[in-house]
Every structure is written in structure tokens, then in C-alpha cells.
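Just below is one structure, and these are the notes that go with it.
Here, each number is a calculation from the coordinates, and none is a lab measurement. No experiment lies behind these values; they were computed from the predicted model shown. With ideal geometry, Cβ positions are generated from the backbone for all residues, glycine too; neighbour counts draw on all protein chains shown.
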Amino acid sequence: MYLPDFDYYMPDSLAEACEALARFGSKAKVLSGGTDIISKMKSGLLSPEILVSLKKLDELTKIEYVAGKGVVIGARATHNDLVNSSLLNEKYLSISEAAHHMAANQIRNIGTVGGNLCNAVPSADLPPILIALGATIKLVGSNGERTMLLEEFFLGPVKTLIAPDEILTEIVIPDQPTTGSTYLKFGLRRSGALAVVGLAVAVTVTGETLQDVRIAIGAAAPIPMRARETENFLRGKTICDELLAEAGVIAASESKPISDLRGSAEYRRDLVRVFTRRALRKAINEGHV
Ligand SMILES: Cc1cc2nc3c(=O)[nH]c(=O)nc-3n(C[C@H](O)[C@H](O)[C@H](O)COP(=O)(O)OP(=O)(O)OC[C@H]3O[C@@H](n4cnc5c(N)ncnc54)[C@H](O)[C@@H]3O)c2cc1C
């Protein structure tokens with residue numbers, strides 16, 4: 001499999017990159033780590049005439065805390081940047097752990113957060129935990145910028161709200177009262193496998209009460225889904241094993257998985273049931289975000 005011919009642009013600034021995307025329109029695609037787009041080009045699934053590389057945009061690799069805003073993750077941060085970030089290890093260990101369970105080290109070294117989100121693959125590992133933590137994203141285009149909740153970004157498999165001339169620049173995890181969060185992934189191998197189901201929860205616990213909860217599930221619907229019915233059932237209740245088991249049943253019934261070569265819809269639904277209970281228990285007990 002050979003790469004087809006294409007022109008390569010490596011702009012020095014974000015403005016220049018957006019301008020190039022606007023100028024070339026549907027002929028151009030963004031290149032970040034290239035772990036996905038290059039293999040699609042090699043197999044003939046995509047054939048952009050122009051690749052606009054983000055390689056020189058070092059400002060998009062930062063992971064930093066901005067007072068009044070939250071933790072800001074640049075779209076070009078790699079999965080291993082998430083794994084090794086002392087800020088994330090301290091504030092949102094669940095994000096580092098989700099990244100650690102992705103792919104193999106070689107892919108984690110070059111695959112980026114922005115690529116993972118813009119790909120919009122239902123089984124992607126980062127959307128569930130970022131959605132559970134209430135992440136927002138910033139899209140910058142030739143006509144300005146906009147922000148939105150990450151959970152509103154996805155329209156369907158491989159479909160998002162991003163316009164052809166826009167670049168996803170950053171993901172923000174807002175300051176929050178969350179007391180615990182976690183991401184559980186079931187793959188067909190222990191490492192390097194895509195999620196059959198990936199499920200994230202973020203909880204706010206006071207004493208024995210589950211004050212607030214967000215549950216986001218990957219590979220259980222065409223887009224990473226919030227399990228809102230389950231969240232509404234849990235909010236404000238006293239924590240006990242029966243409650244968490246019942247939550248699993250509700251989450252399974254509101255999930256909308258398909259059958260494919262990695263698992264049947266029925267199997268996925270049962271994984272959702274079990275993982276909802278386990279993830280809630282882990283986030284409640286371990287108490288680190
Ligand atoms: C062997 C292998 C194993 C994998 N395992 C996993 C896994 O376990 N879990 C998982 O979730 N994924 C996995 N992936 C998928 C992939 O590696 C990740 O989704 C990765 O994060 C993609 O990032 P990238 O920077 O390489 O994206 P690229 O390939 O550079 O781009 C992907 C798409 O997003 C667009 N894009 C990229 N960045 C931006 C941006 N900032 N703004 C606008 N558009 C952008 C590109 O135009 C392209 O359409 C795997 C891939 C491979 C090859």
C-alpha cells in the first residue's frame with residue numbers, strides 16, 4: 001500500500017493554517033499525528049490533495065492550568081503527553097489512565113487528542129472520560145472561533161460539527177466539585193485493542209449521598225452517549241450496592257449498541273450494565289478525580 005501523491009503544507013501559525021484550509025476547501029485535510037489519516041490514505045479510504053500539518057504549532061501541545069478556566073489541553077498533545085502530564089496525574093488521573101490504555105506505545109507517542117476527537121469513531125477512548133468531566137472544546141476558523149461542549153460536537157460515526165476550514169485547538173476541563181472519576185475499557189486483547197465498550201463516570205459525593213453524576217459511554221451508540229436516564233435516577237440518592245446495580249440495568253437499557261465483529265449488541269449491553277456498576281463503585285470509593 002503506497003501513499004497517493006499529495007501536496008504538503010506546514011504553516012507557521014494557526015491563522016496561516018486556517019487560511020490555507022479556507023483557500024483549499026474540500027481538497028485539504030488537517031494532519032496532526034497522522035496515525036489515522038495516513039493509513040486511510042494508504043488504503044484508499046481518503047484521498048485529500050493537500051495535507052495541512054499542525055506540526056509547527058507548538059502552542060497546541062500545552063497542558064496547563066489556567067485560573068478561572070480550568071485545565072487546558074492543546075489539541076496536539078499526544079496520548080503519552082496525557083499519560084505523563086504531572087498536572088493531569090494530580091488533577092484528573094482518570095484522563096491519564098484512559099490514554100494509557102489506548103493502542104501501543106508507538107501510537108501513543110504520535111497520536112493526538114485532537115485527532116482522536118475529530119476522527120469521531122464511536123469506540124474512541126478519550127471522548128467518554130472528557131465528556132464525563134464536562135469538557136468544552138475550541139474550534140478556530142478563518143472567520144473566528146467558537147466553543148462548545150464536547151458532547152455536542154459529535155453527529156454520528158466519523159461526523160462532527162467541525163467546518164472544513166476549522167481546527168480544533170484546545171479542550172478545557174472546567175473546575176468542578178467532582179470527587180471521583182474513572183474510565184473502564186473492555187477490549188478483545190489486554191493492550192492495543194479498540195474498545196468493545198468504554199465507559200466513564202464522574203461523581204460528586206457528600207457523605208453517603210451521590211450529589212451529582214455524569215456517565216458517558218463509547219461504542220454503545222453511534223456517538224459517545226451520556227446515560228442521562230441513569231444519571232437522573234442516581235442523582236441525590238443514598239449510595240448502596242443495590243442502587244449501583246439498578247443503575248447498571250438502566251444504563252444497559254438506554255444504550256443503543258450495534259453488533260459488529262468485536263461483539264454483539266446484546267453482549268455490549270451487558271458490558272454497559274456491569275461497567276456502570278463497577279465504574280460508579282470505583283469512582284465513589286477511590287475518590288480521586
Ligand atoms: C494501531 C492503531 C491502534 C489504535 N488504537 C486506538 C485505541 O486503542 N483507542 C483509540 O481511541 N484510538 C486508537 N487508534 C486511532 C488513532 O490512533 C487515534 O484516534 C489518534 O488519536 C488519532 O490522532 P492523530 O493525531 O494521529 O490523528 P490524524 O490521523 O492526524 O487525524 C485524524 C483525523 O482528524 C483530523 N484532525 C486531526 N487533528 C485535528 C485538529 N486539531 N483539528 C481538526 N481536525 C483534526 C484529521 O484531518 C483526520 O481527519 C489506533 C490507531 C492505530 C493505527
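So the label point goes 7 Å from the Cα of Met10 along Cα→C-beta, right? Which residues of the stretch 35-68 then have their backbone N under 12 Å from it?
The answer is 53-57, whose backbone nitrogens lie closer than 12 Å to the label point.
So how far apart, in nm, are the two label points at Ala22 and Met148 if each is 7 Å from Cα heading toward Cβ?
1.9
I need Val272, Val83, Val213, Val121 ordered by Cβ neighbour count within 10 Å, fewest first. Write down the numbers at each step before the final one.
Numbers: Val272 30, Val83 20, Val213 26, Val121 17.
Ascending number of Cβ neighbours within 10 Å: Val121, Val83, Val213, Val272.
Based on alpha-carbon centroids, what's the gap between the stretch 76-139 and the stretch 185-202 in Å, whole number please?
So the separation of the two Cα centres works out to 13 Å.
Which value in nm describes the separation of the simple spin-label points at Asp260 and Ser43, placed 7 Å from the Cα toward the beta carbon?
Placing both labels 7 Å beyond Cα along the Cβ direction yields 1.1 nm.
Using all C-alpha to C-alpha distances in the stretch 42-91, build P(r) with 5 Å bins and read off the rounded percent in each one.
Bins of 5 Å from zero give 5, 16, 21, 17, 13, 11, 7, 8, 2, 0 percent of pairs.
So what is the orientation-averaged projected area of the stretch 7-53, using the convex hull of its C-alpha atoms, in nm²? Don't skip to the end; give the middle numbers.
Working: hull surface 12.3 nm².
Averaged projected hull area, Cα only: 3.1 nm².
Give the aspartates and glutamates reachable from Lys256 as a straight Cα distance under 16 Å; neighbours fewer than 8 places away on the same chain don't count.
Straight-distance partners of Lys256: Glu229, Glu266, Asp270.
Classify the stretch 180-286 as rounded, prolate or oblate, taking a ≥ b ≥ c as the square roots of the eigenvalues of its Cα gyration tensor: rounded when a/c is under 1.5, otherwise prolate if a/b is larger than b/c and oblate if not.
On the way: a/c = 2.25, a/b = 1.72, b/c = 1.31.
In terms of gyration-tensor shape, prolate.
So what is the 222 nm mean residue ellipticity for the chain from helices alone, if each DSSP H run of at least 4 adds -39500 (n - 2.57) and you divide by all residues, rounding to the nearest 500 deg cm²/dmol?
Taking each H run of at least 4 residues, the total per residue is -10000 deg cm²/dmol.
May I ask for log10 I(q)/I(0) of the stretch 1-130 at q = 0.20 Å⁻¹, from a Debye sum over the Cα atoms as equal point scatterers with solvent left out?
These q points yield log10 I(q)/I(0) values of -1.19.
For Met225, Met10, Met1, what ranking results if the residue with the fewest other Cβ atoms within 10 Å of its Cβ goes first? Write down the numbers at each step before the final one.
On the way: Met225 25, Met10 15, Met1 7.
Fewest to most other Cβ atoms nearby, the residues stand as Met1, Met10, Met225.
If contacts are Cα pairs under 8 angstrom and at least 6 residues apart, what is the relative contact order of the stretch 60-173 in percent?
Numbers: 206 pairs, mean separation 31.3, N = 114.
It rounds to 27 percent for the stretch 60-173.
Is the shape of the chain rounded, prolate or oblate, going by the alpha carbon gyration tensor and its root eigenvalues a ≥ b ≥ c, with a/c under 1.5 for rounded and a/b larger than b/c for prolate?
Details: a/c = 2.10, a/b = 1.57, b/c = 1.33.
Prolate is the answer for the chain, as a/c is 1.5 or above and a/b outweighs b/c.
Computed FRET efficiency, Cβ-Cβ of Asp175 and Asn109, R0 41 Å: what is it to the nearest 0.05? Write down the numbers at each step before the final one.
Numbers: r = 30 Å, r/R0 = 0.73.
Using R0 = 41 Å, I get an efficiency of 0.85.
For Lys138, which lysines qualify as cross-link partners when the Cα separation must be under 26 Å and same-chain residues fewer than eight apart are set aside?
Lys27, Lys29, Lys40, Lys55, Lys56, Lys62, Lys69, Lys91, Lys159
Looking at the square roots a ≥ b ≥ c of the eigenvalues of the Cα gyration tensor of the stretch 149-206, which shape do they give, rounded for a/c under 1.5, prolate if a/b is larger than b/c, or oblate?
On the way: a/c = 2.47, a/b = 1.13, b/c = 2.19.
The shape class here is oblate.
Could you work out the relative contact order of the chain, using alpha carbon pairs under 8 angstrom and six or more residues apart, expressed as a whole percent?
Working: 666 pairs, mean separation 45.7, N = 289.
It comes to 16 percent, rounded to a whole number.
List residues of the stretch 250-289, by number, whose backbone nitrogen lies under 20 Å from a label position 7 Å along Cα→C-beta of Thr209.
281, 284-285, 287
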